[in-house]
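First comes the structure, then the notes that go with it.
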Amino acid sequence: MTPEDFAAKVEELRAAIADKIAELEENPTWGTEDGRQEVVQALDELVVQAQALSELLQQDVTEDDGAGEEL
C-alpha cells in the first residue's frame, strides 16, 4: 500500500467518525450500553495505535532502515 493509498483510507475513517459525531449530536441515545462501550474501547485502542503510527512516521529514516518499502 502506498502512502497515498493509506492516507486515503485514513481520510475515509476520519469522515466516518465525523459522520458518527454528527449523528450522535442528533441521536445521543444511539446503540445499547454494551455496544457503545465496545465502540469506546475500540476507539481507545485506535487512538493508541494512531499515536504510535504518527510517532514512527515522524522518525528520521535512513536508506539502510528500509525507506521506501511498502507496508
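The values are calculated or read from the model by the stated rules, or taken from the named source; none is laboratory data. All figures in this text were calculated on a predicted structure; none of them were measured in a lab. Methodologically, a virtual Cβ is constructed for each residue, glycine included, from the backbone with ideal geometry; neighbour enumeration extends over all protein chains shown. The protein model used for the area step is the full one, side chains on, heavy atoms only, and it has no ligands, DNA or RNA in it. Shrake-Rupley method; radii C 1.70, N 1.55, O 1.52, S 1.80 Å.
The table for this structure:
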read-out: Tally of residues being assigned to a helix (DSSP H, G or I) and touching a residue at least 24 places away in the same chain (Cβ under 8 Å) across the stretch 1-55; value: 1
read-out: One residue from ASP44, ASP34, ASP65 being of a type outside the set (S, T, N, Q), at negative phi and at pLDDT below 95; value: ASP65
read-out: Identity of the residue in the stretch 47-62, within 18 Å of PRO3 (Cβ to Cβ) and open to solvent by 90 Å² or more (accessible area, probe 1.4 Å), that ends up modelled with the lowest pLDDT; value: ASP60
